[in-house]
Amino acid sequence: MLHILGAGSMGLLWAVRLQRAGLPVRLILRNAERLAAWHSQAGQLEVTDPGQQQHISLTLNAELPDSPEPINFLLVATKAYAAEAAVLSVRHRLSEGAQVLLLQNGMGSQQAISRQLSRHRVFYASVTDGAWRPSAHQLIWAGHGQTIIGDPRQGPAPDWLARWQSQGLTLEWHADIMAILWRKLAINCAINPLTALLDCPNGDLLERAHGRLEELSQELQQLLSAFGIPLSLDILRTQLDQVIRQTATNSSSMRQDMHAGRRTEIDFMLGFALRSADQLNLSVPALRKLNADLQTYLATHGLPLN
Ligand code: NAD
Ligand code: KPL
């Protein structure tokens with residue numbers, strides 16, 4: 001049995017993908033109220049995949065964090081700021097050899113969970129799918145992306161990976177997942193806060209924030225290099241432009257969170273980058289200003305701060 005902690009967009013997307021591949025899944029919902037609401041709809045989820053012109057309906061089982069059954073595999077699909085507390089709410093249920101897969105964006109929550117679960121194998125993933133929920137029982141798989149999984153301790157790929165791949169799941173293994181996460185962090189640190197501040201889709205940044213993207217790229221490249229992640233400034237700039245062009249009409253996750261009045265994951269993007277720069281006494285004025293501008297914006301708009 002695979003347990004999925006957090007039944008939001010990503011948790012439900014993974015539940016659908018795993019269950020359709022023939023794997024048994026159970027959602028772990030936060031509290032009795034949410035479980036009752038889930039049961040009131042008989043656990044039904046309507047899934048729309050516009051790209052594939054598919055619409056399916058399926059039933060997903062759910063339970064509470066204090067359910068008695070041991071957990072052998074835990075997939076954590078909460079936002080980064082909720083992940084550690086969520087994992088602690090079920091830690092007592094993890095079996096001796098339980099394995100954990102973390103899907104959070106940004107960095108910082110993964111390391112915190114690894115520290116809490118030092119006796120378990122904890123894998124990190126970088127996910128570029130796009131999914132959202134018009135309601136608690138509807139899921140739109142808006143964009144098929146890439147899922148890269150790895151072991152931060154650089155151990156071998158687990159047995160389940162090849163099994164899941166052979167059952168039709170599109171997943172990649174990478175021996176250096178930290179490098180993948182750092183590179184994604186760099187992209188997110190540049191795109192997300194700027195689109196939130198300028199309140200624009202990703203594609204507008206090429207015209208509206210060209211100079212700021214340049215400055216940020218230079219500092220991010222220096223930061224990554226200081227942490228041993230090889231990435232030249234040219235390649236970072238090219239990748240940044242590519243992501244901006246490929247996701248030109250997207251509203252970044254941070255802009256979406258702000259529009260919905262939700263807490264953002266800024267602390268796990270810019271916050272993590274700034275704390276990392278501080279550790280090495282690295283000067284990153286453009287990143288610092290961006291963070292300050294964003295905090296001011298959040299405060300003046302009455303939005304949740306971190
Ligand atoms: P979401 O807000 O839709 O879902 C998070 C879910 O976790 C919510 O249902 C919330 O109630 C639940 N939760 C929070 N605390 C919990 C607890 N203690 N116990 C049980 N459940 C708890 O968020 P999301 O969009 O699914 O994002 C999850 C992560 O995946 C984020 O880090 C996000 O950046 C990343 N991600 C999302 C997408 C996307 O398209 N949605 C794409 C790539 C990466
Ligand atoms: O990951 C993203 C996000 O919005 O969080 C990008 C790559 C910026 C795409 O929107």
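All of the numbers you see were taken from the coordinates with simple rules; none came from a lab. Here the structure is a predicted model, which is why all the values come from computation and not from measurement. Note that each Cβ is placed from the backbone with ideal geometry, even for glycine, and that neighbours are counted across all protein chains shown.
Of note:
- Using bins of 5 Å that start at zero, the share of Cα-Cα pairs per bin across region 179-300 amounts to 2, 12, 24, 25, 21, 12, 4, 0, in whole %.
- Restriction of the chymotrypsin sites (Phe, Trp or Tyr not before Pro) in region 222-274 to DSSP coil positions whose beta-carbon has at most 15 other beta-carbons within 10 angstrom yields Phe227.
- Most mobile of Thr195, Thr48, Thr78 in a GNM of the chain (Cα contacts under 10 Å): Thr48
- Net charge of the neighbourhood of Ala277, taken over other residues with C-beta under 15 Å away and scored Lys/Arg +1, Asp/Glu -1, is -1.
- Gaussian network model of the chain, springs between alpha carbon atoms under 10 Å - residue of Asp278, Asp151, Asp267 with greatest fluctuation: Asp278
- Taking other Cβ atoms within 10 Å as a rough exposure proxy, Ser114, Ser225 sort from fewest to most as Ser225, Ser114.
- Here is the P(r) of region 19-70: all C-alpha pair distances, binned every 5 Å from 0, give 5, 17, 23, 22, 17, 10, 4, 2 in whole percents.
- For the chain, the share of DSSP beta bridges that are antiparallel, to the nearest 5, is 35%.
- The H on the amide N of Phe123, modeled in the peptide plane, is under 5 Å from the matching H of Val100, Leu101, Leu102, each at least 5 residues off or on a different chain.
- Kirkwood hydrodynamic radius of region 2-175, from inverse mean 1/r over distinct Cα pairs, in Å: 16.4
- Selected from Gln104, Gln218, Gln52 as most flexible by GNM, with the chain as the system and alpha-carbon contacts under 10 Å: Gln52
- DSSP beta bridges in region 2-175 [antiparallel fraction, %, rounded to 5]: 35
- Distance between region 158-203 and region 1-26 - C-alpha centres, whole angstrom: 19
- Taking the longest Cα principal axis of the chain as reference, the axis of helix 210-226 is set at about 70 degrees.
- Taken about its Cα centre, region 179-300 carries a charge dipole of roughly 200 debye when the Cβ of each Lys and Arg holds +1 and the Cβ of each Asp and Glu holds -1.
- Per-residue extension of 0.36 nm, minus the Cα-Cα distance of Glu96 and His259, leaves a gain of 54.5 nm for this segment.
- Hz values of 3J(HN,Hα) by residue in region 269-286 - Karplus curve (6.51, -1.76, 1.60), Gly and Pro given as x: 10, 4, x, 5, 4, 5, 5, 5, 4, 4, 4, 10, 6, 8, 7, 9, x, 5
- Using a Förster distance of 41 Å, the FRET efficiency for Glu207-Leu280 (Cβ separation, nearest 0.05): 0.75
- Applying the criteria of a DSSP loop state and at most 16 other Cβ atoms within 10 Å to the trypsin sites (Lys or Arg not before Pro) of region 83-192 yields Arg119, Arg153.
- In summary, the convex hull built on the alpha carbon positions of the chain has an orientation-averaged projected area of 15.7 nm².
- Amide H contacts of Leu2 (H built 1.01 Å from N, under 5 Å, at least 5 apart or other chain): Val25, Arg26
- Dipole of region 1-52 computed with +1 at Lys/Arg Cβ and -1 at Asp/Glu Cβ about the Cα centre; of Leu45, Ala21, Met1, farthest Cα towards the positive end is Met1.
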